[in-house]
Amino acid sequence: MNNFLQIEFDSYIVPSNELSEDGFRLLDVDNRTVLPINTQIRVLIRAADVIHS
């Protein structure tokens, strides 16, 4: 039995040439979401989305 809801959500970083003047480079995404609080959330991240320090 799986306790997770099967919800898929794609969101990509907005390219620098498509940013508005008040946008944040490498931080703004094309499809924003709001996550619930006090709930377990599992996030799967691909290698293309990894932010290196």
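Enumerate by residue number the GluC sites (Glu not before Pro) in segment 1-34 meeting two conditions: DSSP loop (anything except H, G, I, E, B), and at most 15 other Cβ atoms within 10 Å of the site's Cβ.
Numbers: sites: 8, 18, 21; in loops: 8, 21.
The qualifying sites are 8, 21.
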Between residue 9 and residue 29, what is the label-to-label distance in nm when each label sits 7 Å out along the Cα-to-Cβ direction?
0.7 nm
Where does segment 1-48 land on Rg/Rh, using Cα atoms and the Kirkwood Rh?
1.07
Please give the FRET efficiency for residue 43 paired with residue 20, using the beta carbon to beta carbon distance and R0 = 22 Å, rounded to the nearest 0.05.
0.25
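Read-outs: derived from the displayed coordinates by stated rules, not from any lab. Everything quoted here is computed from the prediction, not taken from an experiment. Note: ideal-geometry Cβ built from the backbone for every residue, glycine included; neighbour counts use all protein chains shown.
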